[in-house]
Amino acid sequence: MIRLVLRGLAARKLRSALTSIAIVLGVAMVAGTFLLTDQINTAFDDIFRTGNERVDVVVSRATEFRSFEDELPPMPEDVIDRVAAVDGVAIADGEIDAIGQLVVDGELIESQGAPALVFSNVDPRLNPSEAIEGRLPENPGEVAVIEDTADRADVTAGTPGVRLATATGTQPVEIVGVFRLGDVSSIGGATVVLTTFGDAQRWFDREGQTSRVVAAAEEGVSAAQLADRVRAALPDGYRVETGRENADRQSEEIVGDISGFLTPALLAFAGVALFVGAFIIFNTFSITVAQRVREFGMVRTLGATRGQVLRGVVGEALVIGVVASLVGLGAGVGIAALIQALFDAAGFGLPAAPIELRPRTVILALLVGILVTLVAAVGPALRATRVAPIAAVQEGASMPPGRLTRYTPYIAAVLVVIGVIVFLYGVFSGLGATEALQSMGLGAVLVFLGVGMLSRFLVRPLARAIGAPIEAAAGTTGRIARANATRNPARTAATAAALMIGVGLVTFVAIFAAGLKSSFTGAIDRVIQGDLILQTGNFGTFPAGAGETIREVPEVAAVQLLRFPEVRTQPGGSQFLNTIEPATAPEVFDFDWQGDGSDALFARLRTDGALIETNLARSSGLRTGDTFTVTTNRGNRSTFTVLGEYRDPVLFTGITVSDAAADALEIPSEPSVGVVRFEPGADPEAAQEAVADRIAAEFPVVEVRSNAEFKEEFEGQIDQILALLYALLAISLVISLFGIVNALVLAIYERTREIGMLRAIGTTRGQMRAMVGYESVITAVIGGVLGIAIGVLFAWALTRSLSEQGIVFDLPWLTLVVFLLLAVVAGIVAALLPARRAARLDPLEALHHE
Amino acid sequence: MTDETPRTPPDPQADGAMAVSARDVTKRYGAGGAAVDALRGVSVDFPRGQFAAVMGPSGSGKSTLMNVLAGLDRPTSGTVTIDGTEITGLKDKPLTLLRREKVGFVFQFFNLLPMLTAEENLELPLAIAGRKVDPEWERSLVDAVGLSDRRRHRPAELSGGEQQRVALARGLISRPAVLFADEPTGNLDSSTSGEMLRLLRRSVDEYGQTIVMVTHDGRAAAFADRVLFLRDGLIVEDHGHLDADEIYDVVKSLESA
């Protein structure tokens, strides 16, 4: 039996290959995801462990929770001496961690989707950094850069004209060396600059402070022992870890940040690809089983049992599944590299260690690939067992209908209904993000399945509508193409359904992105009354000093430096704390006050007043006049009184307090966004230029944009993410294209004699190609239309549920038209090979095809 | 009537009167020792308005001859002329267009498109050519083949005889210079066979249609004006009309020869 299976597959090479591709790509996505995230994990483990290689104990300030903007809050410098005094400490040193960019010949060296890190140099006995060129900084004004940054900035020891953008403006520095961190030459897309401790303190507002204290133990004292002793020697409010613990925690945190969304997101795309692949495998097996009715009848007459027929077909699927999964595993390496390249192109640099194939990756990839293939093939295989031996001798014997066929519409309808309910439950029930997404995903799968099953009833009307213009333009070839597309609606439906899934998700994503854009740009238009918006290139914070510098520009009337750190409120939980400067707030912002709120409230904010956003008011039950407490990551607490309520679900979510209140809470001074308002009558262009010029010299990291430019920039960023999502979904679309190719090739094989007849009576090769092309286009557009319809509905449901968050339902008509045209193009592309095969058939041989 | 020697071919000058002509046509399949000569120098002319039957045992080359004459297969050497146009050496496209214009087909297995109606099927050659249907001609054809009330049916809803009558109407719809019928009754029972042959006969008598029919059935060949016998790739007998018994005698004599 196995030999027969293998022989059969070998005889149908093209078909087997086309079927396998669906699984290969899906498995490659799964394998690629694990390979990539493993690479990232290993890379970060490596970076942090190397960083702490010579460190036995790390002391940092204890925090209530992690904060991106304030990862390592400063602590007093004297902690260094207190640690050094602990018995068993051989050496202790302070280290300052900060954000700062190199400026070479006036040009900012940007990091890629990662921070621009500045570290102060520590004692060589604790320091894993080794100069591979020159030396590490020792004197004021000296810096060293990590190898990767040196390469990217094209600098080396002694390069003139180098400055470092710091919290106190750009500082002239002298590069005295290029270093590696142990054997690490690059930290993802981050730039890394090493300064002296004193410089770091001066340049980054850390006078008398340090970010970390690192210490090495004396001979005979273990890291754990030393950590215990240090812990005992220090008061509360400090976190004491061994070097290893510290490295592992940091790695875990950052890997959690990256992989926490990356792994499920990529796996979701892999799941989509496999789901599409399952449709194609189901369809291919259905078709091939139908084509082999006589063969099954023949083996039955020769005495094969139903079980043997079943095992034969399932065996075929198993072989395809195993081979395709193995190939997919290999292709996963390519996919991992491809995804990394995609992320790089989209501006998110990820660090990478060498590829490592963990057993978990192999097992999961193979398991998933083989299971999907088997599940998809089992239905057709069961139908094959129902072929009676008599079929062997019947001319044109056809497949007995499946037992469940007549229930199909009902099953499908039930699936759709359940799917919609599950989807809507995910959307509207206020579950957490993960659960909501899972529920939506499951609902979408059911809806796609159901619509895929139901779509056989939609194939005829859709084909008629789609075929009408083709028939009008192409006449009989179009008519025959349409007739071919509808002669087996179930097949066409399954083929189209594969494409429908990809198109549906692309549509969904496109509409959602359009909604995000509209809501954001709408909010900017409504709320921001300034003329310029300041921001860094990668959503980071920038030195508050930039604001002071701009205030000196004569055209500038007001500057608001917005900070929005994450805080915890009681009641309420995790919130954004927005900070504004009350005096100029009325002229810079236009709050949508609720109740009897007004701009007069700004003046009453002081250090204990807060304004709260409607969504928080609703979820926390806080009302005007109520009090609540705010806790920062550094553990500072304040009590605030609610002065009023406003609605702004996009920009000022959470609570809004005064700068003074934020300062009292020891919120770091670095703003994330600045809003500048000009003096009345100022020429906007000249004023913008004046501000940009002023800021470029001292704070080149700050980007100065008009509101229009800012909105454009935001839309550009959304588009970049959108492009990334499109690229990931493209894999599913490619798989469904292969599905169309496969179905067409099989159909052409079936219709060989018809093609012979058509050619004999005068159909040219060109007409033959066109016929196949039109059929393909009709099939693809059916998938496209259904996909767009489902995508629009899903997006509508989701945007409706998020309307409280300010997301609007905004149909990007042009994009949808482009998707439809792309479906046409997809149809044409998918038809290329099959059409060639059809046109190349020799009419005479075709006429005598069995 | 039973000539022992093949008729001398008509004057080549008179090609204008010929629907199809072949000159010294050979067809060799394969090469070297395994080569098979299906046709070994066949010259034959089919005048307009003639109903010719081509007979011969399987492997005699009768199907090959028909395929070569119809422009479905290319001779290894020699020339074929359809309605005054030499088709040998034509590229695929002009050859296809010529088939479209000048040649009609009736196949053993009907070869109707299952998803089209009877009417769409019979109009197919014109539709593919982008030519207009002559409604009068179509009506008279449909009436003649007795399918007036079956025009909207699909092949699956038609009997074998009806399907073949659709196929015949399809072959005639473009008024081809020659209609090639490849075992047109091979898949029909005897009564529907007779019907089909009478229709072929009528199309010759009433419309002056030229027909070349390949058959191994003597009763079918008896409807023809002329019966050719092939053996081993050569025309070995070329008769005028023969009745079924005479054909049977020729076949027997050829078998024993």
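The values are calculated or read from the model by the stated rules, or taken from the named source; none is laboratory data. All values derive from a computational prediction rather than experimental measurement. Methodologically, a virtual Cβ is constructed for each residue, glycine included, from the backbone with ideal geometry; neighbour enumeration extends over all protein chains shown.
For this structure, a couple of remarks:
- Of residues in region A:735-786 being part of a helix (DSSP H, G or I) and polar (S, T, N, Q), the one nearest to the other protein chains (Cβ to nearest Cβ): A:Q767
- Condition check for B:F109 on (1) more than 8 Å from chain A (Cβ to nearest Cβ); (2) aromatic (F, W, Y); (3) surrounded by fewer than 20 Cβ atoms within 10 Å (Cβ to Cβ): one failure, at (1).
- Criterion (free of Cβ contacts under 8 Å to residues at least 40 places away in the same chain and either out of contact with any Asp or Glu (no Cβ under 7 Å at 6 or more places or on another chain) or of a type in the set (D, E, K, R) (or both)) met by exactly one of A:R551, A:R563: A:R551
Residue-by-condition table, conditions (1) part of a loop (DSSP other than H, G, I, E, B); (2) surrounded by 19 or more Cβ atoms within 10 Å (Cβ to Cβ):
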| position | (1), (2) |
| --- | --- |
| B:D73 | yes, yes |
| B:T81 | no, yes |
| B:L90 | yes, no |
| B:I128 | no, yes |
| B:V142 | no, yes |
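- A:R563 vs. criteria at negative phi and surrounded by fewer than 15 Cβ atoms within 10 Å (Cβ to Cβ): no
- Residue within region A:429-440 that is touching a Phe, Trp or Tyr at 6+ places or on another chain (Cβ under 7 Å), crowded, with 17+ Cβ neighbours inside 10 Å and away from chain B (no Cβ under 14 Å) present: yes
- Scan region A:655-702 for residues that are within 19 Å of A:L534 (Cβ to Cβ) and either part of a helix (DSSP H, G or I) or not assigned by TED's automatic domain parsing to the domain that holds A:S620 (or both) and the total you get is 17.
- One residue from A:A376, A:A365 being more than 22 Å from the chain's Cα centre (by Cα) and crowded, with 19+ Cβ neighbours inside 10 Å: A:A376
- Selection count where residues are more than 9 Å from every other protein chain (Cβ to nearest Cβ) and touching a helix residue (DSSP H, G or I) at 6+ places or on another chain (Cβ under 7 Å), scope region B:112-125: 3
- Scanning region A:289-313 for residues that are closer than 25 Å to A:F738 by Cβ and buried (at least 22 other Cβ atoms within 10 Å of the Cβ) returns A:V289, A:G312, A:V313.
- Condition broken by A:R705, with the remaining ones in (1) away from chain B (no Cβ under 14 Å); (2) over 30 Å from A:L262 (Cβ atoms); (3) not in a helix (DSSP H, G or I) satisfied: (2)
- Taken together, the residues in region A:663-690 that are closer than 22 Å to A:Q171 by Cβ and not polar (S, T, N, Q) amount to 4.
- Subset of region A:707-751 [more than 28 Å from the chain's Cα centre (by Cα) and surrounded by fewer than 17 Cβ atoms within 10 Å (Cβ to Cβ)]: A:E750
- When the strands (runs of 3 or more DSSP E) confined to region A:56-160 are screened for residues that are more than 17 Å from A:V240 (Cα to Cα) and more than 34 Å from the chain's Cα centre (by Cα), those reaching at least 1 such residues are found at A:129-134, A:142-146.
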